[in-house]
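The values are calculated or read from the model by the stated rules, or taken from the named source; none is laboratory data. The model shown is predicted, which means the values in this text are computed figures rather than measured ones. Ideal geometry is used to build each Cβ from the backbone, glycine not excepted, and the neighbour counts take in all protein chains shown.
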Amino acid sequence: MKLSDLKQNFDFNPPEGYFDNFEDRIFEKIEKENKSQKNKISKVIKMLSTAVAASFIALGLYVYSSDFKKTETKENENQYDYTQYLVDNCDDYTFYEFTLGNKEPLITYTATDFIDYGTYFDYDLIIEEY
Amino acid sequence: MIDAEKYSDIELVEAFLNNQNREKIFRIIMKRYGTRIYTHIRTFLVTHEEADDIVQNTFVKAWRALPKFRLESSLFTWLYKISTNETLSFLKSKQNKKTISIDDDENFVQIPSIENDDHHTSDEITQKLTKAIEQLPEKQRLVFQMKYFEEMKYEDMSEILNTSVGALKASYHFAVKKIENYLELD
């Protein structure tokens, strides 16, 4: 027996009628896959648009908060400048009054809203105490 | 109705690329190569159901890829290439599902046994041949099955498997020798 004789024992042919509607089945499958692909794409688009909207909101919040911080920093800078000005320019009495005569922190006096101008007239009394 | 026999593969592909009745043209291509593609896939798979899935996937992929086809190879070898890749991917995923071992060579594909399949005769010599084929290394088995069962030309196999004709001839020769020794044939 030869090897070439044996292959007739094998049957790899398709079952009868397999190719009768084969082309229609393929196009149905293609159509089905196209639809599910479209669904996937629309889902992705929905997700993306949600993500983009969320990003815009986050960006808006960030810009708003950074503007707010900038304003705060500016105010602090002004306050600092004013403190520095006082330190550089105040006389001994004023300095004494600010540092020893009162227990409140110096910064309170640097803010214009809290300056009690009356204290400038009481420095004699304070000196007497010491 | 288009007379399928009238047109060569090149004419069909050119007409397809020029957007002329794409669906009709593709139906002709399926009619022309469906059975051969089925047989090619079936030699590697155990059941008709598996082969049916792979044949369908092959033609769906071909439909999607045909607009990019550049006629650098023949339509026939191009379709065979798709179907071979689909079959090997299927076998690989089936094998991965069965056993996952770190010792496995990732390129190795276990082509399943056909001995228990209803579509094959089950006489002793046929079973012995089946066992002999199973013992071949993967590449030799691919070459043997394509040459022995499908009687494919070496030149076509060379394009499909990206291997030189010389290497394919050597592979087939060694495969035949091994099988003949196994079966104790002349």
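Being assigned to a helix (DSSP H, G or I), free of Cβ contacts under 8 Å to residues at least 60 places away in the same chain and within 10 Å of chain A (Cβ to nearest Cβ) is not true of B:Phe16. Among the residues here, B:Leu91 does not qualify as surrounded by 19 or more Cβ atoms within 10 Å (Cβ to Cβ) and either modelled with pLDDT of 90 or more or touching a strand residue (DSSP E or B) at 6+ places or on another chain (Cβ under 8 Å) (or both). For the structure I just gave you, tell me whether A:Asn9 is in contact with an Asp or Glu (Cβ under 8 Å, 6 or more places away or on another chain) and at pLDDT below 90. Taking the combined requirement at face value, the residue satisfies it. Restricting attention to segment B:56-81, the residues that are without any contact (Cβ under 8 Å) to a residue 60 or more places away in the chain and hydroxyl-bearing (Ser, Thr, Tyr) total 1.
From the list B:Lys81, B:Lys24, B:Lys61, B:Lys6, the lone residue that is modelled with pLDDT of 95 or more and not hydrophobic (A, V, I, L, M, F, W, C) is B:Lys61.
For segment B:60-86, filtered to residues that are among the hydroxyl-bearing types (Ser, Thr, Tyr) and in contact with an Asp or Glu (Cβ under 9 Å, 6 or more places away or on another chain), the residue that is nearest to the other protein chains (Cβ to nearest Cβ) is B:Tyr80. Taking segment B:39-66 as the range and being β-branched (Val, Ile, Thr), more than 13 Å from the chain's Cα centre (by Cα) and in a helix (DSSP H, G or I) as the test, only B:Val60 passes. Pairs meeting the criteria (first residue in segment B:33-55 and more than 15 Å from B:Ile82 (Cα to Cα) and more than 8 Å from chain A (Cβ to nearest Cβ), second residue assigned to a loop (DSSP other than H, G, I, E, B) and of a type outside the set (S, T, N, Q), beta carbons under 8 Å, at least 6 apart or on different chains) are B:Leu45/B:Pro112; B:Val46/B:Pro112; B:Val46/B:Ile114; B:Val46/B:Asp117; B:Thr47/B:Asp117.
Scan segment B:95-105 and give yes if some residue there is at pLDDT below 85, exposed (fewer than 14 other Cβ atoms within 10 Å of the Cβ), of a type in the set (Val, Ile, Thr) and touching a helix residue (DSSP H, G or I) at 6+ places or on another chain (Cβ under 8 Å), otherwise no.
Restricting attention to segment B:95-105, the residues satisfying the condition of being at pLDDT below 85 are B:95-105.
From what's left, exposed (fewer than 14 other Cβ atoms within 10 Å of the Cβ): B:96-105.
Checking the rest, the ones that are also of a type in the set (Val, Ile, Thr) come to B:99-100, B:102.
The next check asks that each one be touching a helix residue (DSSP H, G or I) at 6+ places or on another chain (Cβ under 8 Å); those that pass are none.
No; the residues of segment B:95-105 include none that is at pLDDT below 85, exposed (fewer than 14 other Cβ atoms within 10 Å of the Cβ), of a type in the set (Val, Ile, Thr) and touching a helix residue (DSSP H, G or I) at 6+ places or on another chain (Cβ under 8 Å).
Could you tell me how many of the residues in segment B:127-186 are in a helix (DSSP H, G or I), more than 13 Å from chain A (Cβ to nearest Cβ) and not hydroxyl-bearing (Ser, Thr, Tyr)? Residues in segment B:127-186 being in a helix (DSSP H, G or I), more than 13 Å from chain A (Cβ to nearest Cβ) and not hydroxyl-bearing (Ser, Thr, Tyr): 20 in total.
Scanning segment B:50-76 for residues that are of a type in the set (S, T, N, Q) and surrounded by 18 or more Cβ atoms within 10 Å (Cβ to Cβ) turns up B:Asn57, B:Thr58. Just to be sure before I move on: is B:Ile125 modelled with pLDDT under 90 and touching a Leu at 6+ places or on another chain (Cβ under 9 Å) in the structure I sent? It is true that B:Ile125 is modelled with pLDDT under 90 and touching a Leu at 6+ places or on another chain (Cβ under 9 Å). Applying the set (1) within 11 Å of chain B (Cβ to nearest Cβ); (2) assigned to a loop (DSSP other than H, G, I, E, B) to A:Gly17 leaves exactly one unmet item: (1). B:Leu71 satisfies every condition listed in (1) among the hydrophobic types (A, V, I, L, M, F, W, C); (2) modelled with pLDDT of 95 or more; (3) within 24 Å of B:Glu155 (Cβ to Cβ) except (2).
Going by what's in this entry, would B:Phe26 be described as over 16 Å from the mean Cα position of the chain (by Cα), more than 10 Å from every other protein chain (Cβ to nearest Cβ) and surrounded by 20 or more Cβ atoms within 10 Å (Cβ to Cβ)?
No.
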